[in-house]
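Notes follow once the structure below has been shown.
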Amino acid sequence: MMKQNLLVGIIGILVLLVVLGASPFFILDLTQTAIVVQLGKPKRTVTEPGLKFKLPFVQEVRYFDKRLLDYDVPAREVITQDKKTILIDNFAKWKIVDPLEVYKAFQTQRGALQRLDDIIYSEMRVELGRHELSEIVSANRLLIMSEVAKRSNEKASKYGLEVLDVRIKRADLPE
């Protein structure tokens, strides 16, 4: 009888821990937006910070940053109009403007960043391929980069992303 009561008590504590572990609450930070997903489908977007409610075991929360974000990748090779190969080290500033679109397209912020990388690198190759090396390393660089940013933003906007700026940090000849 004593062992049976002990076993029931231990099982009760384990059940309580599982239920508490699957809390019906989540906290949204000032710098985040969230998508509440129910059985794989987005149910609602939460933008206001604070303590929020979700259905445990049925709903999960996907967080997205609403701050200005950095895109920075290692240097890559690009071929110019005069057939010179250069190593371009670039960065961009971007943000998520529609977390629901980002969720529908990629499910996560990391997936959005990977797609953004494809978009920016593609636009960088196309635009730098239209210019000679001397133009890229001269004062025309700002005009070239604003065109890359504009075209990247046009493509990224259909995914709920906004590209604000693209810049070249360094342009070198390969070794």
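The values are calculated or read from the model by the stated rules, or taken from the named source; none is laboratory data. The structure displayed is predicted, hence computed values, not measured ones. Cβ: placed from backbone, ideal geometry, glycine included. Neighbour counts: every protein chain shown.
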**Prompt:** Is it fair to say Ser146 is touching a strand residue (DSSP E or B) at 6+ places or on another chain (Cβ under 9 Å), polar (S, T, N, Q) and modelled with pLDDT under 95?
**Reply:** yes
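Residue under question is Val61, and the condition is that it be in contact with a Leu (Cβ under 6 Å, 6 or more places away or on another chain) and either closer than 30 Å to Ser152 by Cβ or surrounded by 14 or more Cβ atoms within 10 Å (Cβ to Cβ) (or both); does it hold? Don't jump to the end; show me each part of the working.
Numbers: in contact with a Leu (Cβ under 6 Å, 6 or more places away or on another chain): no; either closer than 30 Å to Ser152 by Cβ or surrounded by 14 or more Cβ atoms within 10 Å (Cβ to Cβ) (or both): yes.
When the stated conditions are applied, Val61 does not pass them.
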- [ ] State yes or no: is Val166 more than 24 Å from Tyr63 (Cβ to Cβ), of a type outside the set (S, T, N, Q) and in contact with a Ser or Thr (Cβ under 7 Å, 6 or more places away or on another chain)?
- [x] yes
Taking the range 45-77 and keeping residues outside any strand (DSSP E or B) and in contact with a helix residue (DSSP H, G or I) (Cβ under 7 Å, 6 or more places away or on another chain) leaves Val73
Does Leu87 fit the bill of being touching a residue at least 24 places away in the same chain (Cβ under 8 Å), of a type outside the set (Phe, Trp, Tyr) and surrounded by fewer than 20 Cβ atoms within 10 Å (Cβ to Cβ)? yes
Scanning the range 127-156 for residues that are farther than 19 Å from Leu173 by Cα, in contact (Cβ under 8 Å) with a residue 24 or more places away in the chain and among the small types (Gly, Ala, Ser) gives Ala149, Ser152, Ala156
When the range 31-58 is checked residue by residue, the ones that are crowded, with 16+ Cβ neighbours inside 10 Å and among the charged types (D, E, K, R) are Lys52, Lys54
Consider Pro42 carefully, then state whether it is at pLDDT 85 or above, in a strand (DSSP E or B) and not aliphatic (A, V, I, L, M). yes
Residue hits (the range 74-84; surrounded by 14 or more Cβ atoms within 10 Å (Cβ to Cβ) and farther than 12 Å from Arg125 by Cα) are Ala75, Lys84
